[in-house]
Amino acid sequence: MLCVSIGRGRHRHMIAEHKHLVERGARLVELRVDYINGDVNLRRLLADRPCPVIITCRRQADGGKWRGTEQQRLLLLRTAIAEGVEYVDLEDDVAGSIPRFGKTKRIVSYHDFRKTPDDLQAIHDRLAAQDPDVVKLATMANQPHDNVRMLRLLRDAKVPTIGMCMGDMGTPSRILSARYNTPFVYSTFHHERVLAPGQLSFQQMIEIYNHDRIDPQTQVFGVIGDPIGHSLSPQIQNAAFRHADLNAVYVPFRVPAENLDQFLDDARELDIRGLSVTIPHKEAVLAKLTKLDPAVKGIGAANTIVFDGEHRIGYNTDYRAAMDSLERALVPPQYEQGSLREKTVLVLGAGGAARAIAYGLKIRSAEVVVTGRTPRRAQQLAEKLECKWVDWNNRYGLTPDGIVNCTPIGMHPNVDETPYDRLHLRPYMFVFDTVYNPESTLLVKEARSQGCTVVTGVEMFIRQAALQFKLFSGVESSWEMLRDVLRRLTGPAKQ
């Protein structure tokens, strides 16, 4: 169950949001009365409440906004209990001074906004000894392994326990805690009004992560990268799981490069079945895989991992998706069958996507030329694939038949940038931009204005997502449905 936290400065706004949330399906609400300006009128907040309530009044030292004295705060919490509120949140250092009364349930809580302490179990034991109905721990995640430690605590807890790691690195603990029979999970009223670092909104938890469907049998998939907040893969893949009526959830895991090995070792404990892999891990993961698809060996990068028993199997759906997208665009009468043969194609970029696409072009007998803003990487890629490379500043010295942009240049929010100037585009060229947000990048717009054949990043993104979904689930996804979801996410209103 989700508990939605509301923090507003005026009573009427808090009451209105409470009612609105219940209309949308909320069954439990936390009223953060420390946010209210002036005196708190508990009776007004609790009168005719449409669903059960947690009353919380957090001190500034604990991440709250309470400006009164500690004596006033404790009196407010005791008053909430006397008024018969369903739950009251008591920090561990004051829980002993506020006795149980009536039917109000006690949440004994602990917060650490700097770290996830090494003695997490000892802290839990201390809280569990203070007559709680629910123990709550909220700590800052400084590494992905902190999520594992917190979820392990939930799994082994003998009393009802809520445990979450804060910050964007702690997001998985919020989403996955429902697999461990936690009493409820905190969310916020709106994603732009978070009350704790890394908190997700009620709408995000329901509409993106299908939180109302998560249970101990839910299969876990995800995407790893750093950064990861920009990724639209959770929206796409969770929509596909929902459309196929599968009990599965797809989670964003922010994994810094130095934590990659530990995270992949932790994957079994998290019961992860499959992962999408993005920057900067597409090459580094190879050392941790036990089996490689033949294309991965040739490319030297993987964007998909499937966990099968003891094996971690690496695939590259970027390669196949890019080639499918390109070959569908290069069709008669303008292009002949096998039209990539002996065509000169300039690949902009030398990262994981560039590796996959350059490899695909190479085995289709195209003349591949690689360039990038980091000359050393471009040269290394060219040497691996036995193709040519040119310095980034000399990219206009060629007259290619096609251009493939594998850089992030032109990606939202930098939509006024292009990696290849319009003056050098020719009508006989094809232009493939792997950026998908926005779909109509400046490069795409200018290529169309010059009469070029154009392939957009949306085509590739959806195809690779569909291929990943098939590897994860064994089920074919609806390509049209995935395309509609992506376009809703990246349409003009979202820019």
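The values are calculated or read from the model by the stated rules, or taken from the named source; none is laboratory data. Not measured: the values here are computed from a predicted model. For neighbour counting, all protein chains shown are included, and Cβ atoms are generated from backbone atoms with ideal geometry for every residue, glycine included.
Residues are listed down the side, and each one gets a yes or a no for (1) over 22 Å from residue 229 (Cα atoms); (2) surrounded by 20 or more Cβ atoms within 10 Å (Cβ to Cβ); (3) not small (Gly, Ala, Ser):
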site: 428; (1), (2), (3): yes, no, yes
site: 432; (1), (2), (3): yes, yes, yes
site: 435; (1), (2), (3): no, yes, yes
site: 464; (1), (2), (3): no, yes, yes
site: 468; (1), (2), (3): no, yes, yes
site: 480; (1), (2), (3): yes, no, yes
site: 484; (1), (2), (3): no, no, yes
site: 487; (1), (2), (3): no, no, yes
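Among all positions in the stretch 34-41, there is at least one residue which is within 32 Å of the chain's Cα centre (by Cα), assigned to a helix (DSSP H, G or I) and either of a type in the set (Gly, Ala, Ser) or on the phi < 0 side of the Ramachandran plot (or both). Is there a residue in the stretch 129-142 that is over 30 Å from residue 253 (Cα atoms), without any contact (Cβ under 8 Å) to a residue 24 or more places away in the chain and out of contact with any Pro (no Cβ under 6 Å at 6 or more places or on another chain)? There is at least one residue in the stretch 129-142 that is over 30 Å from residue 253 (Cα atoms), without any contact (Cβ under 8 Å) to a residue 24 or more places away in the chain and out of contact with any Pro (no Cβ under 6 Å at 6 or more places or on another chain).
Does residue 405 satisfy being within 27 Å of residue 233 (Cβ to Cβ) and free of Cβ contacts under 8 Å to residues at least 12 places away in the same chain?
no
Evaluated against (1) under 23 Å from residue 130 (Cβ atoms); (2) in contact (Cβ under 8 Å) with a residue 24 or more places away in the chain; (3) outside any strand (DSSP E or B), residue 78 falls short on exactly one condition, (2).
When you check residue 40 against the structure, is it in contact with a strand residue (DSSP E or B) (Cβ under 7 Å, 6 or more places away or on another chain) and either under 22 Å from residue 60 (Cα atoms) or charged (D, E, K, R) (or both), yes or no? For residue 40, the condition - in contact with a strand residue (DSSP E or B) (Cβ under 7 Å, 6 or more places away or on another chain) and either under 22 Å from residue 60 (Cα atoms) or charged (D, E, K, R) (or both) - is not met. Among residues of the stretch 236-255 being free of Cβ contacts under 8 Å to residues at least 40 places away in the same chain and assigned to a helix (DSSP H, G or I), the one that is nearest to the chain's Cα centre (by Cα) is 238. Each residue in the stretch 308-327 was checked for being modelled with pLDDT under 95, among the small types (Gly, Ala, Ser) and not in a helix (DSSP H, G or I), and 1 of them qualify.
Could you check, for the stretch 202-213, whether at least one of its residues is in a loop (DSSP other than H, G, I, E, B) and either of a type in the set (A, V, I, L, M, F, W, C) or not assigned by TED's automatic domain parsing to the domain that holds residue 28 (or both)?
no
Might you let me know whether the stretch 290-298 holds any residue that is in a helix (DSSP H, G or I) and β-branched (Val, Ile, Thr)? Yes, the stretch 290-298 has at least one match. Counting the residues of the stretch 5-30 that are part of a strand (DSSP E or B) and among the aliphatic types (A, V, I, L, M) gives 2.
Selection of the stretch 256-283 for residues being surrounded by 15 or more Cβ atoms within 10 Å (Cβ to Cβ) and part of a helix (DSSP H, G or I) yields 259, 260, 263, 264, 266. Taken over the stretch 44-63, the criterion of being free of Cβ contacts under 8 Å to residues at least 40 places away in the same chain and surrounded by fewer than 21 Cβ atoms within 10 Å (Cβ to Cβ) is satisfied by 44, 46, 47, 48, 49, 50, 51, 52, 59, 60, 61. When every residue of the stretch 242-251 is checked against the conditions, none turns out to be crowded, with 20+ Cβ neighbours inside 10 Å, within 22 Å of residue 354 (Cβ to Cβ) and not assigned by TED's automatic domain parsing to the domain that holds residue 356.
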